[in-house]
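The values are calculated or read from the model by the stated rules, or taken from the named source; none is laboratory data. Note that the structure is a prediction, hence the values are computed from the model and not measured. Cβ coordinates were reconstructed from backbone atoms using ideal geometry, including for glycine residues, and neighbour counts include every protein chain displayed.
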Amino acid sequence: MAKSSKTLNKEDKKIMHALEPVIDGIAELFGSNCEVVLHRLEDISHSVIKIVNGHVTGRKVGAPLTNFGIELLENADSLGKGVTDSYFIKQADGRLLKSVGILIRNDKGKPIGFVCINVDLSLPLLSCVNESLSRDSKLPVSVIEHFSLTVEELVSQMFETVIIRMSSQRGMSPTEKNKVAVRELYTRGIFKVTGAIDIAAKLMGISRYTVYNYIREAKLIAE
């Protein structure tokens, strides 16, 4: 029989609680045609503890695990990667959903929950795009995000961004520019990345000890 775990401990529940913002984030990205559900396997009769865009399937918090979810739980050991292949569901009203299920395990490998994503494919693609654009238009500014493949690339890209910002400032000595660059990189948190100090030092042509000194100065300014 499918295991309805009634022994979720405090740490298990913390894991489930920590996933709640993830549910909101996925729904925010894909819009109202995307239902995102968080199931906690403490009581599969009332497993839904969070749901966004529940109108897609008509469910609310407190709804039970689906029959397919119960089957997945029954065969959890065979779900090695923890993610189902995407599959299609035809609703009673004729709508077609594309879905995927993600099994959540604790640090001992015990199943404690599911994240399920159901996308309503009956909506015209154009309406989904328009909704996405309208949601994006609420952003006050665009975001510069670097999808770097290595730490060296990440630090180099951030350093280049800082240098471009400083290019309009005339009359600064090379030393002052390096100090300002380190200060900017420090406030952006890049020096929390292992190896970033050595890479920054190489880019600026100064010693790592000089970078450390500039970071200390930046900390004092920040305080």
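Could you check how many residues of the range 47-65 are touching a helix residue (DSSP H, G or I) at 6+ places or on another chain (Cβ under 9 Å) and either among the hydrophobic types (A, V, I, L, M, F, W, C) or within 18 Å of Val119 (Cβ to Cβ) (or both)?
Residues in the range 47-65 being touching a helix residue (DSSP H, G or I) at 6+ places or on another chain (Cβ under 9 Å) and either among the hydrophobic types (A, V, I, L, M, F, W, C) or within 18 Å of Val119 (Cβ to Cβ) (or both): 9 in total.
In the range 89-104, what residues are in contact (Cβ under 8 Å) with a residue 24 or more places away in the chain and assigned to a strand (DSSP E or B)?
Selection gives Ile89, Leu96, Leu97, Gly101, Leu103, Ile104.
Determine, yes or no, whether Arg165 is farther than 30 Å from Cys34 by Cβ, at pLDDT below 80 and in a loop (DSSP other than H, G, I, E, B). Step through it out loud before you land on a result.
Values: farther than 30 Å from Cys34 by Cβ: yes; at pLDDT below 80: yes; in a loop (DSSP other than H, G, I, E, B): no.
Here the answer is no, as Arg165 does not meet what is asked.
For the range 105-119, check the following and say yes or no: at least one residue is modelled with pLDDT of 90 or more and touching a Cys at 6+ places or on another chain (Cβ under 6 Å).
Yes, the conditions are met somewhere in the range 105-119.
Tell me yes or no: at least one residue of the range 39-51 is farther than 17 Å from Met16 by Cα and under 22 Å from the mean Cα position of the chain (by Cα).
no
Need at least 3 residues that are farther than 22 Å from Lys110 by Cβ per element, so show me which helices (runs of 4 or more DSSP H) inside the range 1-80 make the cut, counting only ones lying wholly within it.
20-30
What tally of residues in the range 85-112 results from selecting those that are more than 17 Å from Cys34 (Cα to Cα) and surrounded by 14 or more Cβ atoms within 10 Å (Cβ to Cβ)?
The total comes to 7.
Can you tell me which residue within the range 28-68, out of those that are among the hydroxyl-bearing types (Ser, Thr, Tyr) and touching a residue at least 60 places away in the same chain (Cβ under 8 Å), is farthest from Lys13 (Cα to Cα)?
That would be Ser32.
Out of all the residues in the range 156-166, is one or more surrounded by 15 or more Cβ atoms within 10 Å (Cβ to Cβ) and under 15 Å from Arg208 (Cβ atoms)?
yes
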